[in-house]
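Data block below; observations after.
Read-outs: derived from the displayed coordinates by stated rules, not from any lab. On a predicted model such as this, the values are computed, not experimentally measured, just so you know. For neighbour counting, all protein chains shown are included, and Cβ atoms are generated from backbone atoms with ideal geometry for every residue, glycine included.
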Amino acid sequence: MKTILGTLQLSVAHDSLRRRLGSQLRRLRWVLLSWLFASSIIAAELKTRNVFLLTTDGLRWQEVFTGAEESLITKENGGVSNTNDLRAAYWRPTPEERRAALLPFIWGKLANEGQLWGNRNKGSIVRVTNGHNFSYPGYSEFLTGVADARIDSNDRKPNPNVNVFQWLHTRPEFQGRVGAAVSWGVIPWILNADVARFPVWSAFDLPAGANRFALSPPVQTLLDRTTPMWGDVSLDTFTGAAAKEMLAQIKPRALYVAYGETDDWAHEGRYDRYLHAARNFDRFVGELWTLVQSLPDYRDQTTFILATDHGRGPAPIAWKNHGKAISESASLWLGVLGPDTPALGERSNSPEATQGQVAATVAAALGLDFNTTHPKAAKPLPQVLKP
Ligand SMILES: [Zn+2]
């Protein structure tokens with residue numbers, strides 16, 4: 001009797017132990033499976049580990065999508081002395097040939113493997129929403145996601161809004177891995193460089209307390225020996241060089257490069273130099289792309305986002321300017337190229353987009369949601385990242 005009872009108790013105990021073990025094993029298996037599932041979702045969702053935002057000031061969508069405009073390749077409208085040379089460089093019979101001559105990387109690579117938004121002739125609309133159509137409000141709108149009515153000048157004032165690079169830099173995985181190189185001297189204020197504290201290169205003063213990135217001595221010497229063109233915009237050559245040196249030194253996971261010449265040559269009424277500056281912007285972007293594809297930590301893991309702060313007026317006169325009174329200067333273009341971007345190319349009849357959507361798109365490309373902490377920022381662009 002005792003042994004039967006003992007065997008029974010033992011088998012009961014054995015059974016409950018087996019059940020307990022079984023349920024623990026099932027739980028463990030569930031945890032393992034869900035962990036594997038989650039990480040495979042993350043892996044399948046995004047290959048992007050780094051985002052570069054590259055902008056050129058006030059480049060019109062007209063040149064991006066149709067190339068050089070014939071009525072501006074003149075002395076009278078475009079300030080062009082040598083029209084033969086300019087025509088040889090950029091004039092072609094069709095818009096497709098003209099835009100490829102002006103922006104060969106964008107049309108040869110980005111428009112094939114990524115997406116280009118903003119061709120109004122094909123129903124793709126990208127807009128400024130701040131109503132001003134000039135620089136500080138525009139940069140602020142695409143860097144912070146917010147069109148802020150308080151921002152109504154280009155003065156060197158702190159930005160009341162948090163930008164996406166500043167926000168990224170507060171995250172441990174981005175500490176020391178964010179940088180900006182800018183041609184226009186006001187951008188460090190728009191970026192809140194003093195509060196953000198990531199390295200910033202500008203040829204001009206920075207807000208007190210900002211973290212200045214130093215050029216290598218040979219490039220700094222070249223800059224010092226170059227005749228300044230404008231009081232607060234340096235030549236894009238140096239911004240391009242600063243971006244490459246920043247890439248080598250701080251290995252940014254989030255880099256902002258702001259080229260500026262396109263706007264200034266247009267204001268001066270020099271269509272030839274405006275086109276050359278646009279051609280060089282394309283070169284800088286293409287060279288940076290080739291460079292990142294040569295680096296193991298960046299190859300096939302880097303998304304480029306291209307944008308501008310405002311458009312400009314139409315030919316033959318208003319192309320030189322932009323602003324509230326020139327409604328056409330609210331029209332923009334945008335480009336995205338990277339391992340997670342569906343190759344939809346030149347978009348037609350795309351969802352209407354605003355420049356404010358750039359900020360949350362920078363974060364989204366990295367798998368992050370800018371809108372959780374900044375609900376007023378515009379939502380990420382749809383369809384530019386694989387679902
Ligand atoms: Zn301007």
**Asked** Using 7 Å Cα-to-Cβ label points, what is the Gln175/Ala325 separation (nm, one decimal)?
**Response** 5.1
**Item:** Extension gain from Ser81 to Lys376, taking 0.36 nm per residue of separation minus the Cα-Cα distance
**Value:** 101.4 nm
**Message:** Report D for the chain in µm² per second (integer): Stokes-Einstein, Kirkwood Rh on Cα pairs, 37 °C, 0.692 mPa s.
**Reply:** 147
**Asked** Restricting to lysine pairs 8 or more places apart or on different chains, what number in the chain have Cα atoms under 28 Å apart?
**Response** 26
**Karplus-derived 3J(HN,Hα), 6.51/-1.76/1.60, for each residue of the stretch 281-286, Hz, glycine and proline x** = 4, 4, 5, 4, 5, x
**Complete:** Output ordering of 239-248, 200-209, 332-341 (per-residue mean of other Cβ within 10 Å, highest first) is 332-341, 239-248, 200-209
**Request:** Please list, in chain and number order, the residues 5+ apart from Arg197 or on another chain whose amide H is under 5 Å from its amide H, with Hs placed from the backbone.
**Result:** Asn211
**Request:** Would you look at the GNM of the chain, springs on alpha carbons closer than 10 Å, and say which of Ile125, Ile190, Ile317 moves the most?
**Result:** Ile317
**Request:** Lys and Arg at +1, Asp and Glu at -1: add these up for the other residues within a Cβ distance under 11 Å of Ser234 and post the number.
**Result:** -4
**Fill in**
At R0 = 25 Å the Cβ-Cβ FRET efficiency linking Leu291 and Ala214, nearest 0.05, sits at 0.80
**Charge tally in the Cβ shell below 12 Å around Pro188, where Lys, Arg are +1 and Asp, Glu are -1, Pro188 excluded** = +1
**Request:** With θ set to phi - 60°, apply the Karplus curve 6.51 cos²θ - 1.76 cosθ + 1.60 along the stretch 329-337 and write out the HN-Hα couplings as whole Hz, x wherever there is a Gly or Pro.
**Result:** 6, 7, 8, 10, 9, 8, x, 9, 9
**Request:** Enumerate the amide H contacts of Leu59 below 5 Å, restricted to partners 5 or more residues apart or on another chain; note that Pro and chain-start residues carry no placed amide H.
**Result:** Asp309, His310
**Asked** To the nearest 10 degrees, how steeply does helix 135-144 sit against the main Cα axis of the chain, on a 0 to 90 scale?
**Response** 10
**Request:** Output ³J(HN,Hα) for the stretch 155-170: one whole-Hz value per residue in order, computed from phi by the Karplus curve 6.51 cos²θ - 1.76 cosθ + 1.60 with θ = phi - 60°, and x for Gly and Pro.
**Result:** 5, 6, 10, x, 8, x, 10, 7, 8, 5, 6, 4, 5, 4, 5, 7
**Message:** Cβ neighbours within 10 Å, averaged per peptide: list 303-313, 159-169 in order, most packed at the top.
**Reply:** 303-313, 159-169
**Asked** Once amide H atoms are built 1.01 Å from N in the peptide plane, which residues 5 or more positions from Ala181, or in another chain, come under 5 Å H to H?
**Response** Trp201, Tyr256, Val257, Ala258
**Asked** Roughly speaking, what is the stretch gain from Thr129 to Phe204, that is 0.36 nm per residue apart minus the C-alpha to C-alpha distance, in nm to one decimal?
**Response** 24.1 nm
**Asked** Full extension from Arg150 to Ser71: what is 0.36 nm times the residue separation minus their Cα-Cα distance, to one decimal in nm?
**Response** 24.6 nm
